[in-house]
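Below: one structure, written as structure tokens.
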Amino acid sequence: MTGLTGLQEVATFCGKCDCGCPQLFVDPGAADERRIVITDDFGQRVQMSADQFASLVEEAKAGKLDGLAVA
């Protein structure tokens, strides 16, 4: 994926293929409200604040996203 210069990689999701798996980055040069970057395997990205990402993590830890993870 292009346009990722300067981003710090945090995690790659899947990683079992060579198809451009979704990734999580921190952009230290971005404004606070756009600091967290999630890319998908279609070349798109979502940018959010650290607070928004923390809320997402909290929801996931509470099990509120479990129904989305269907094998």
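Our summary of shape: the Cα atoms of the chain have principal axis extents of 34, 31, 17 Å, ordered from largest down, in whole angstrom. Within the chain, the trypsin sites (Lys or Arg not before Pro) that combine a DSSP coil assignment with at most 11 other C-beta atoms in a 10 angstrom radius are LYS16, LYS64.
Looking at the chain alone, DSSP beta bridges between its own residues are antiparallel in about 100 percent of cases. Charge tally for ASP27 (other residues, Cβ to Cβ under 14 Å; Lys, Arg +1; Asp, Glu -1): 0.
Pairs of alpha-carbon atoms within less than 8 angstrom and 6+ residues apart define the contacts here; what relative contact order does the chain have, in percent? Walk me through the numbers on the way to the answer.
Numbers: 92 pairs, mean separation 14.0, N = 71.
Across the chain, relative contact order equals 20 percent.
No lab work stands behind these numbers, since they all come straight from the coordinates. Model, not experiment: these values are computed from the prediction. Cβ sites come from the backbone with ideal geometry, for glycine too, and all protein chains shown count toward neighbours.
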